[in-house]
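Each reported figure results from applying straightforward, stated rules to the coordinates on display, with no laboratory input. In this text, all values refer to a predicted model and were calculated from it rather than measured experimentally. All Cβ positions, glycine included, derive from the backbone under ideal geometry; neighbour counts span all protein chains shown.
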């Protein structure tokens, strides 16, 4: 940029609750079909993935429940914040996802939304839900790892 202004990178919007609520078996990167005001809003980091999920409808993959805030500077023709959005995957990847979900107890959860080479991407996780005792075990293990790291840094 010649005028001296700096271009900031678009933030990576992560679904941190997904790792708390689900066991992630596999990950897949896929594109997302967006309208212009959604892209501008995503570049500002205005997206919530907490209650969103992906589902295979027919021969297509859609993202439901993802809230992308309306872009403030858009005209009156702004987008619907929670509309279903088409995810772009190859046919063979869609077949693999369908087999994984049909196995039983598995669901498709968006883990992150980010930009790669100027294109919006969604990282999907094939996951199954944790029970309450699994969540407690995960928290306990994380605290034990943190205590071990603290002890190691004090010892050095």
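Need the C-alpha centroid separation for segment 112-137 versus segment 26-103, integer Å.
Centre-to-centre (Cα) distance: 13 Å.
Put one equal scatterer on each alpha carbon of segment 13-130, apply the Debye formula with no solvent term, and list log10 I(q)/I(0) at q = 0.14, 0.18 1/Å to two decimals.
Scattering profile of segment 13-130, log10 relative to I(0): -0.56, -0.90.
Calculate, in nm to one decimal, what residue 78 and residue 99 gain on full extension: separation in residues at 0.36 nm each, minus their alpha carbon distance.
So the chain would gain 3.9 nm between residue 78 and residue 99.
Can you sort 135, 140 so the residue with the fewest Cβ neighbours within 10 Å comes first?
Fewest to most other Cβ atoms nearby, the residues stand as 140, 135.
Need the full-extension length gain, residue 17 to residue 116, defined as separation in residues times 0.36 nm minus the C-alpha distance. One decimal, nm.
Stretched out fully, the residue 17 to residue 116 stretch lengthens by 33.3 nm.
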